[in-house]
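Notes to accompany the following structure.
The values are calculated or read from the model by the stated rules, or taken from the named source; none is laboratory data. The structure displayed is predicted, hence computed values, not measured ones. Using ideal geometry, Cβ is built from the backbone for each residue, glycine included, and neighbour counts are taken over all protein chains shown.
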Amino acid sequence: MSIPSFLQLKEDALIKFGIGLTLISLPRVFYDCLMYWTGAEPAEHFSCKKRPLYKEYQKKTRVFFPFEIPFFDHGRVPGWPNSKNIDDQLK
């Protein structure tokens, strides 16, 4: 949404480059925050502990984005985030 304003910005090239780089990298920072620092990882961990069939759901469903995005870990791993330890915990 900020691209039209960015294109009309009348600043030096270095400042425009810095702002453009920020606009490009900010979505990845937000993604990492939501996936690893705040909500998705703990929620997935406890869902696996409470619901054994949830691991089947994890195999088919992306954790955050509803579509495939390159270079992103979509978390389609049974037992994610503790796929190695979760089997021992469920037994």
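Annotation note: of Leu21, Leu34, the sole residue that is exposed (fewer than 12 other Cβ atoms within 10 Å of the Cβ) and either part of a helix (DSSP H, G or I) or at pLDDT below 85 (or both) is Leu21.
Reported count of residues in the range 15-29, each being of a type in the set (Gly, Ala, Ser) and within 19 Å of Phe65 (Cα to Cα), is 1. Restricting attention to the range 29-47, does a residue exist that is under 30 Å from Pro4 (Cβ atoms), touching a helix residue (DSSP H, G or I) at 6+ places or on another chain (Cβ under 8 Å) and without any contact (Cβ under 8 Å) to a residue 40 or more places away in the chain? Checked the range 29-47: at least one residue is under 30 Å from Pro4 (Cβ atoms), touching a helix residue (DSSP H, G or I) at 6+ places or on another chain (Cβ under 8 Å) and without any contact (Cβ under 8 Å) to a residue 40 or more places away in the chain.
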